[in-house]
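Q: Okay, here's the structure, questions in a sec.
A short reminder: the numbers here are calculations on the coordinates, not readings from a lab. As the structure is a prediction and not an experimental result, all values here were calculated from the model. For neighbour counting, all protein chains shown are included, and Cβ atoms are generated from backbone atoms with ideal geometry for every residue, glycine included.
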Amino acid sequence: MITIVGAGLGGLTLARVLGVHGIESVVYDLDASPHARHQGGMLDMHEESGQMALRAAGVFDEFARHVLEGGDATRVLDKHAAVLFDEEGNGERPEIERGALRDLLLYSLPEGTVRWNSRVVGVRPVDGGHELTFADGRTEVTELLVGADGAWSRIRSLLSPDQPVYSGLSFVELRIPAEPRVAAVVGAGSLFALDDERGILAHKEPGDEICAYVAVKKPSDWATGEISREVLVAHFADWHPDLREIIAAGEGTLTPRPIYALPVGHRWGRTAGVTLIGDAAHLMSPFAGEGANLAMQDGAELAHAIIAHPTDVEAALGAYEAAMFPRARQAAEESMANLVSLFEPHGARRLADMFLSFAAG
Ligand SMILES: Cc1cc2nc3c(=O)[nH]c(=O)nc-3n(C[C@H](O)[C@H](O)[C@H](O)COP(=O)(O)OP(=O)(O)OC[C@H]3O[C@@H](n4cnc5c(N)ncnc54)[C@H](O)[C@@H]3O)c2cc1C
C-alpha cells in the first residue's frame, strides 16, 4: 500500500495511474470534503505532460468532453487597451476548469481511496518507514510515502530544509459573473493586460463566467488584510476604463494569492521510502504555465517507475527523481525569467513578442 499525502492534481494522478496497474494506494487530504473549497480558474493541458498523464490515467476521453471550446484563444493588451496580440487557439493546449479536472480524477478512483479531513501535522522516520501524525491524534506508519501536499508541504521537511520564498508579486483572484462588456474585452480564452509592473489576467470559464487575477508588486501580506474592489480599482486609475471594469464588475470574495516559489533547481539526496511530487517538490510562479501539468506528469511518471521496479522501491524513486529534477529546473527557470520580464515596464510588448515567436515556430 502506497501512502500519498495530498489530493491535488498530482496526488490524484499518481493514485489513479497506480490503480490502473492494480497497485493500491491511500490518499490523505486536509479538506473536509471534495468540494470544501473552490479549486480556482482554468488550466491548459500540455501534450507532453498534462495530456500524457490523462492518457496514462485512462481518462483522456472524459477530459476531452470537459474542454472549453475556443478556450485556448489568447489576447495581450497594454494599459490603454491597445491589442498587441490576438489569436484563436489551435486546439494544441486545451483548457479545462480546474474543478472539473480534479473531479474527473477523483471519481475515477475506488470509493474510499481518498480520506478527507486528514490533516498531517507531523512526520518522522521510524523502523520500517515513516510515521504520520494527523490533527486528530491518529498515527499511521507507512513503508512508501509520497508528499503531494503542495506549496507548504509537511512531508518536504524529511528531504530538504528549503521553504518557499515570496516572489514580490501578489495576485488577488476575483470572479466576474457573465457580463457582455467584460466578456467582449476578455474574448473567448485568456486575456493578459500588462503594463507598468502591474497586470490583469483573466480567463473565460464555462457558463461565460470569468476568473481574473489582479497582479501587483506589493509586500506578501498586502492583500491578506482588508482589501476591497475599490482599493484594487484605484491601483489601476491610469488604465483604460474597459480594463478597470473587469475588476469593478467582480462579485463575491476576493482571494489573495501571494506568489511564492521554491529555489530554482530545488532537489534532495535519495532518502529511503519517501519522495515528493508537484508543488511540494518544485513550487514555481505560474508564469511558465507548467505547475499543474508538471504535478500530473510527476504523478504519472512516479507511478510508471514504481510499476517498472516492482521489487525495488529505491530504484523506482531514484529513477523518478533523476528525470524530474532537470525538467522541474528548466520550468522553474522559465517561470522566474517570465515573472521578471512581464512585470517590468512594457511587459505586454514582451509577452506579445513571445507569443509571436511561438506562432512563427
Ligand atoms: C494563480 C495561479 C495560477 C496558476 N495557473 C496555472 C496554469 O495556468 N497552468 C498550470 O499548469 N499551473 C498553474 N498553476 C500552478 C498549479 O496550480 C499548481 O502547480 C498545482 O495545483 C500543483 O498541484 P499539486 O497536486 O502539486 O498541489 P496542490 O494542488 O496544492 O494540492 C495539494 C493538496 O494537498 C493537501 N494538503 C496540503 N497540506 C496538507 C496536509 N498537511 N495534510 C493533508 N493534506 C494536505 C491540500 O488540501 C491539497 O488538496 C497556477 C497557480 C496559481 C497560484
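Q: Pairing the Cα long axis of helix 313-342 with the longest principal axis of the chain, what angle in degrees results, from 0 to 90 and rounded to the nearest 10?
A: Computed tilt is about 10 degrees.
Q: Tell me, what ³J(HN,Hα) does each residue in the stretch 208-225 have, in order and in whole Hz, if you take phi through Karplus 6.51 cos²θ - 1.76 cosθ + 1.60 with θ = phi - 60° and put x for Gly and Pro?
A: 6, 6, 10, 10, 10, 10, 8, 10, 9, 8, 8, x, 4, 9, 4, 8, 7, x
Q: Which far-off residues, 5 or more places away or on another chain, put their amide H under 5 Å from the one on GLY150, with H placed in the peptide plane?
A: ASP279, ALA280
Q: Going by alpha carbons, how many degrees (0 to 90, nearest 10) lie between the helix axis of 291-308 and the longest principal axis of the chain?
A: 20 degrees
Q: Right, next: Once you have the Cα-Cα distance between GLU143 and GLU24, take 0.36 nm times their residue separation minus that, and quote the gain in nm to one decimal. Numbers along the way, then the final one.
A: On the way: separation 119, 0.36 × 119 = 42.84 nm, distance 1.30 nm.
Working it through step by step, the gained length comes to 41.5 nm.
Q: Sort 340-353, 196-209 by the packing proxy (mean of other Cβ within 10 Å over each peptide's residues), most packed first. Numbers along the way, then the final one.
A: Values: 340-353: 18.1, 196-209: 19.6.
Packing proxy ranking, top to bottom: 196-209, 340-353.
Q: Only bridges whose two residues both fall in the chain count here: according to DSSP, what percent of them are antiparallel, nearest 5?
A: Taking every DSSP beta bridge with both residues in the chain, the antiparallel ones total about 75 percent.
Q: Using packing as a proxy for protection, rank 278-285, 89-96 so that the peptide with the highest average count of other Cβ atoms within 10 Å comes first.
A: Details: 278-285: 27.1, 89-96: 17.1.
Highest mean packing first, the order is 278-285, 89-96.
Q: Could you please state, rounded to a whole Å, how far the C-alpha centre of the stretch 241-280 is from the C-alpha centre of the stretch 11-80?
A: So the separation of the two Cα centres works out to 16 Å.
Q: Could you work out the helix-only [θ] at 222 nm for the chain, with each DSSP H run of four or more residues adding -39,500 (n - 2.57) and the total divided by the number of residues, to the nearest 500 deg cm²/dmol? Could the numbers behind the result be given before it?
A: Working: 11 runs with 119 residues, N = 361.
That calculation yields -10000 deg cm²/dmol at 222 nm.
Q: Counting other C-beta atoms within 10 Å, which of GLU173, GLU290 has the fewest, and how do the rest follow? Working shown, then result.
A: Working: GLU173 19, GLU290 22.
So the residues, fewest neighbours to most, are GLU173, GLU290.
Q: Compute the helix-to-body angle for 9-20: its Cα long axis versus the longest principal axis of the chain, expressed 0 to 90° and rounded to tens.
A: 50 degrees
Q: Nearest 20 debye, what's the magnitude of the dipole of the chain about its Cα centre given +1 on Lys and Arg Cβ and -1 on Asp and Glu Cβ? Mind showing how you got there, number by number?
A: On the way: 30 positive and 52 negative charges, 137 e Å.
Dipole size: approximately 660 debye.
Q: Which one of ILE227, GLN163, LEU243 is farthest out on the positive end of the charge dipole of the stretch 158-265, using unit charges on Cβ (Lys, Arg +1; Asp, Glu -1) and the Cα centre as origin?
A: The one lying farthest along the dipole's positive direction is GLN163.
Q: Listing ASP127, ASP103 from the residue with the fewest other Cβ atoms within 10 Å to the one with the most, what is the order? Intermediate results must be reported in sequence, preceding the final value.
A: On the way: ASP127 6, ASP103 17.
Ascending number of Cβ neighbours within 10 Å: ASP127, ASP103.
Q: OK, next. Once you put a point 7 Å from the Cα of VAL165 and another 7 Å from the Cα of THR133, both along the Cβ direction, what distance in nm separates them?
A: 3.1 nm
Q: Specify the inter-centroid distance of the stretch 96-156 and the stretch 164-208, based on alpha-carbon positions, in whole Å.
A: 32 Å
Q: Applying 1/(1 + (r/R0)^6) with R0 = 45 Å to the Cβ-Cβ distance of ARG124 and THR253, what FRET efficiency is obtained, to the nearest 0.05? Don't jump to the answer; show the numbers that get you there.
A: On the way: r = 37 Å, r/R0 = 0.82.
The pair ARG124/THR253 has a calculated efficiency of 0.75.
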